[in-house]
Amino acid sequence: MLELRTIFGDEIPLRAIQDRACGDNAKCRKGVADGLRRWRKRGLVIARGARRGLRYAFTPQLLKMLDRLSNQKRTTLKRTRSSRPVDSTWGTTLRIYKIILESMIGMFTREIEGRLGISRTAVRYHINKLKRLGLVREPFPGYVEPAPPDMKRVEEALKAAGEHRVVLEAVGLIYANGRIQLKPFTSKEYAMVKKESLRKAQRKLKQFRDEAIIIRLPGRRCRLGICVINPIYPVRIPEHIHDRTTRHLYGGWRVWRRRKSS
């Protein structure tokens with residue numbers, strides 16, 4: 001693609017990039033267009049024009065990266081497994097569930113791709129996990145929404161909470177869009193309604209998590225956690241966990257886990 005800049009200047013037509021990379025292969029051309037759209041969302045390219053006149057300008061950040069890669073030996077460009085610590089198996093799945101819950105009415109999967117910066121295939125994988133559990137539903141392809149909670153199971157979870165049932169109902173349920181829906185809540189909100197200390201509320205919510213009464217979802221303040229009443233009680237859902245050797249670095253909606261500096 002760097003060679004095309006000598007022909008077209010700073011702004012390269014999308015069709016020229018597709019011709020260079022794919023020729024007449026329709027599937028490949030679509031993949032190139034999708035890839036450039038993802039780069040645009042990440043701020044690596046700038047799009048100008050529309051449809052047949054769509055052109056892309058490379059940012060200095062991307063040009064520097066491409067120039068560095070072109071100067072490396074081919075043997076160093078082999079794909080290797082990253083050594084960066086990754087989320088637990090359910091970390092990304094529960095982040096997606098949290099985003100869908102907070103939308104209340106649902107959202108398109110491409111919005112989730114843009115927020116988390118992951119591929120369409122990865123989003124489909126996590127959405128399918130949530131659908132199998134009955135946590136979300138897909139009224140039509142590419143659009144997901146929170147599944148209406150099974151009130152019998154929610155009722156069982158609330159009964160298991162005993163005297164804390166009223167507080168869970170106050171912070172974890174909301175009447176919206178003509179029906180009762182789940183509402184994510186923090187331990188701080190729980191403590192305020194219960195009128196007790198935050199530490200005591202955290203201990204109680206941890207007990208509820210251990211008993212599968214609530215699910216812990218990842219949030220911007222993972223130490224406090226964001227919780228939701230378990231709509232498939234008594235089925236237990238793996239938590240979004242932290243280990244002692246990693247910490248979160250938050251940047252917008254993207255979450256990376258890296259080793260602590262020694």
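Need pairs with beta-carbon distance below 8 Å; first residue in the same structural domain as Arg203 (by TED's automatic domain parsing) and within the stretch 171-186, second among the charged types (D, E, K, R); sequence gap 6+ or separate chains.
Final answer for the pair search is Val171/Lys183; Val171/Glu189; Gly172/Lys183; Leu173/Lys183; Ile174/Lys183; Pro184/Lys98; Pro184/Glu102; Thr186/Arg221.
Restricting to the stretch 121-140, what's the tally of residues that are more than 14 Å from the chain's Cα centre (by Cα) and farther than 22 Å from Arg153 by Cβ?
1
Within the stretch 103-120, take every residue that is touching a helix residue (DSSP H, G or I) at 6+ places or on another chain (Cβ under 6 Å) and among the β-branched types (Val, Ile, Thr) and give me the one that is surrounded by the most Cβ atoms within 10 Å (Cβ to Cβ).
Across the stretch 103-120, the extreme among qualifying residues is Ile112.
Would you check if Arg179 is surrounded by 13 or more Cβ atoms within 10 Å (Cβ to Cβ) and modelled with pLDDT under 90?
No; evaluated as a whole, the condition is false for this residue.
Is it the case that Arg153 is in the same structural domain as Met104 (by TED's automatic domain parsing), of a type in the set (D, E, K, R), buried (at least 18 other Cβ atoms within 10 Å of the Cβ) and under 17 Å from Leu101 (Cβ atoms)?
Answer is no for this residue.
With (1) of a type in the set (A, V, I, L, M, F, W, C); (2) more than 18 Å from Pro234 (Cα to Cα); (3) surrounded by fewer than 15 Cβ atoms within 10 Å (Cβ to Cβ) as the list, and Val123 as the residue in question, which single condition is left unmet?
Condition (3) is where Val123 drops out.
Got a sec? Which of Arg84, Arg79, Arg153 is out of contact with any Leu (no Cβ under 8 Å at 6 or more places or on another chain) and at pLDDT 90 or above?
Of the residues listed, the single one that is out of contact with any Leu (no Cβ under 8 Å at 6 or more places or on another chain) and at pLDDT 90 or above is Arg153.
Please name all residue pairs, on different chains or six or more residues apart, with Cβ atoms under 6 Å, provided the first residue is in the stretch 115-143 and is more than 17 Å from Trp39 (Cβ to Cβ) and the second residue is surrounded by fewer than 14 Cβ atoms within 10 Å (Cβ to Cβ).
Gly142/Phe108; Tyr143/Phe108
Mind checking which strands (runs of 3 or more DSSP E) fall wholly inside the stretch 206-253 and carry at least 2 residues that are modelled with pLDDT of 85 or more and not polar (S, T, N, Q)?
Per the criteria, 214-217, 226-229.
Does Val166 satisfy the condition of being touching a Phe, Trp or Tyr at 6+ places or on another chain (Cβ under 7 Å) and more than 28 Å from Lys41 (Cα to Cα)?
Spelling it out, it is not the case that Val166 is touching a Phe, Trp or Tyr at 6+ places or on another chain (Cβ under 7 Å) and more than 28 Å from Lys41 (Cα to Cα).
The values are calculated or read from the model by the stated rules, or taken from the named source; none is laboratory data. Nothing here was measured: the structure is a model prediction, and the numbers come from that model. Neighbour counts run over all protein chains shown; Cβ positions are idealised from the backbone, glycine included.
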